[in-house]
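Contents: one structure, followed by commentary.
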Amino acid sequence: MKFQDLIEDRIRSVDAALNFYLPGENVYPQTIHRAIRYSVFAGGKRMRPLLALFTAELFNPDWKRVLPASCALELIHTYSLIHDDLPAMDNDDYRRGKPTSHKVFGEGTAILAGDALLTYAFKILAGHTFTENDFNYSYNHNVTSQLKLKVISDISRAAGLGGMISGQVVDMESECKQVDEATLDYINMHKTGALLAVSARAGAMLGGCSDEEAHIISVFGTYLGKGFQLVDDLLDVEGNEARIGKATGSDSKQGKATYISIYGSEKIRYLRDELYQKALESLEPIKNRNIGSSNLMNIRELARTILYRDH
Ligand code: GRG
């Protein structure tokens, strides 16, 4: 299968699984279910689910066992975007090319939609709590409870203290201040990088990798996480608004410290190339493991897609 077809195929599976897990819009109380579905199906690129599915496939052909965790990661990501857009945070009007959740449903419902997505993600990760079907059969039966707990613990840290929340706090406290490179790295590696890195790691772990291999994949995910943010900052000044689905220049308007202010666009491009190479090199130790060469090619190609995206 061509890489682009593979991506589209996997995204279709993730979307179908998300549709299965989320309560329907007609289920009472309808407002919260409508709000959740509005944001989850607003056209996100599904980078975190794809990372988890592709790293799993490095170790196991049974990628379907990672569908529940992939959905959980996307729900956590969507929650963070809804809350980040709120007036108390970035106060953004558009996300993924559509009015933000609080603009459509009001602030109270947007807060609850975020809360609901975060908690629901962990219900999915617990397994065995939904009607059994093709989306969750393998996770329920082929992943041990011990491994599920390990993955739950890793994901909760990446999304919470020591991860996304800690990064967001330092980000808020740094607004309109001159921050040094180390602080900016802290913000980005926690606010954005942690969830991307844990997506790669959780996928590999659910695929059955060893502890040593989990470490290798974490390093790979960390390079991607940093590169992802560099590109995000670049797109905020140079991106096409229609393509990225929100106004550009919002970082500087809000007095946010970004890699642009420290490095400038040209150096960002250079650093992006460097991180891409480092990400590929980090996978060298596993290249002789008995994993399909096409799987290794796919994860490399996904790294390229993430680091050279235009939206
Ligand atoms: C509010 C708890 C809380 C955390 C917010 C992740 C985050 C922390 C804020 C998001 C702000 C932001 C735009 C960060 C830049 C990196 C990022 C997460 C971009 C959006 O991710 P994509 O490009 O989005 O994967 P799509 O829409 O494709 O899913």
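Quick look at the numbers
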read-out	value
Unsatisfied cross-links (Cα-Cα over 30 Å) in the set Lys123/Lys191; Lys2/Lys191; Lys150/Lys253; Lys150/Lys287	Lys2/Lys191; Lys150/Lys253
Estimated inter-spin distance, Ala16 and Thr248, nm [label 7 Å along Cα→Cβ]	3.8 nm
The range 1-127: Rg to Rh, with Rh as the Kirkwood radius over Cα pairs	1.00
Efficiency of FRET from Cβ geometry, Phe122 and Gln30, R₀ 22 Å, rounded to 0.05	0.40
Under the span-like rule (Cα at least 18 Å along the axis, Kyte-Doolittle mean at least -1.0), DSSP H helices of the chain	3-21, 67-85, 107-126, 145-159, 211-238, 293-307
Ordering of 4-13, 256-265, 70-79, 220-229 by packing [mean C-beta count within 10 Å, highest first]	70-79, 220-229, 256-265, 4-13
Approximate spin-label separation Asp93-Lys45, in nm, with each point projected 7 Å along Cα-to-Cβ	2.5 nm
Length-normalised contact order of the range 159-280 in % [C-alpha pairs under 8 Å, at least 6 apart]	28 percent
Shape parameters for the chain, alpha-carbon atoms, Rg then Dmax in Å	18.7, 53
Furthest towards positive pole of dipole, Ala17, Phe220, Gln4, structure part the range 3-306, Cβ charges	Ala17
Carbon and sulfur %, accessible surface of the chain computed with the full protein complex present, 1.4 Å	51 percent
Expected 222 nm ellipticity per residue - DSSP helices of 4 or more, -39500 (n - 2.57), all of the chain, to 500	-21500 deg cm²/dmol
Surface per residue (accessible, 1.4 Å probe) for the range 3-306, Å²	44 Å²
Among Val151, Ile76, Asn60 the positive-end extreme of the charge dipole of the chain (Cβ point charges)	Asn60
Residue order for Met297, Met1 - accessible surface, 1.4 angstrom probe, largest first	Met1, Met297
Amide H partners (placed H, <5 Å) of Tyr94, local residues excluded	Thr100, Ala247
Relative packing of peptides 26-34, 203-211 - highest average C-beta neighbours within 10 Å first	203-211, 26-34
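The values are calculated or read from the model by the stated rules, or taken from the named source; none is laboratory data. Note that the coordinates shown come from a computational prediction; the quantities given were computed from them, not determined experimentally. As a convention, Cβ positions derive from the backbone with ideal geometry for all residues, glycine included, and neighbour counts pool all protein chains shown. Just so you know, the surface numbers come from the protein's heavy atoms only, side chains and all, with ligands and any DNA or RNA stripped out. Shrake-Rupley method; radii C 1.70, N 1.55, O 1.52, S 1.80 Å.
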